[in-house]
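The values are calculated or read from the model by the stated rules, or taken from the named source; none is laboratory data. All values derive from a computational prediction rather than experimental measurement. Here Cβ is always computed from backbone atoms with ideal geometry, including for glycine, and neighbour counts include all displayed protein chains. Only protein heavy atoms, including side chains, enter the accessible area calculation; ligands, DNA and RNA are left aside. Shrake-Rupley method; radii C 1.70, N 1.55, O 1.52, S 1.80 Å.
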Amino acid sequence: MKKVECIIRPEAFQALRHRLDEIGIYGLTVSEVAGCGKQKGKTGFFRGSTYEINLNAKVKVEMVVDDEQVEGIVEVVIETCSTGEIGDGKIFILPIDDVIRIRTKEKGREALI
Ligand SMILES: Nc1ncnc2c1ncn2[C@@H]1O[C@H](COP(=O)(O)OP(=O)(O)OP(=O)(O)O)[C@@H](O)[C@H]1O
Ligand SMILES: [Mg+2]
């Protein structure tokens, strides 16, 4: 199992949600986040005694899925979240040790479906 964590532009979320639904990805967690990437989101010059730090509003979408679903999700994210401009976001893929459905005590892949 893997966690696919995507940081995307907020305006891309609805289209992504729709496409994820179409490929059978139902379980997800969404957060409104703020962050910066390579451009550091900051101007870098002194204003008085403090640096001005800019963070951009993004949406984080987290999905824990079977290994075989990862490729399809990555394709859908790239298709729906690309503008080609800086700030389109990132996809992180992490290994997951275990999942437990609290209600039934099911574990692992059983707990995902
Ligand atoms: N290395 C990172 N670790 C954690 N979060 C990151 C990292 N890089 C980017 N992010 C998150 O992703 C968001 C979007 O990043 P962004 O698309 O600007 O990445 P980038 O590497 O600067 O690429 P680009 O040059 O296309 O802008 C950031 O606002 C931040 O929330
Ligand atoms: Mg950037």
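Using the basic label-point model (7 angstrom from Cα toward the beta carbon), what is the L55 to E110 distance in nanometres?
Output for this residue pair reads 4.0 nm.
In nm, to one decimal, how far is the A34 label point from the S82 one, both placed 7 Å along Cα→Cβ?
Each label point is offset 7 Å from its Cα along the Cβ direction, giving 3.1 nm.
Under the definition of Cα pairs under 8 Å and six or more residues apart, what whole-number percent is the relative contact order of the chain?
Reported relative contact order: 41 percent.
Quick one: pull the percent of accessible area on the chain belonging to carbon and sulfur, 1.4 Å probe, ligands and nucleic acids left out.
Here carbon and sulfur together make up 52 percent of the probe-accessible area.
Quote to one decimal, in nm, the extra length available between I100 and E11 on full extension: 0.36 nm per residue of separation minus the C-alpha distance between them.
Here the answer is 28.8 nm.
D67 to Y26: FRET efficiency via 1/(1 + (r/R0)^6), r the Cβ-Cβ distance, R0 22 Å, to the nearest 0.05?
Efficiency at R0 = 22 Å is approximately 0.80.
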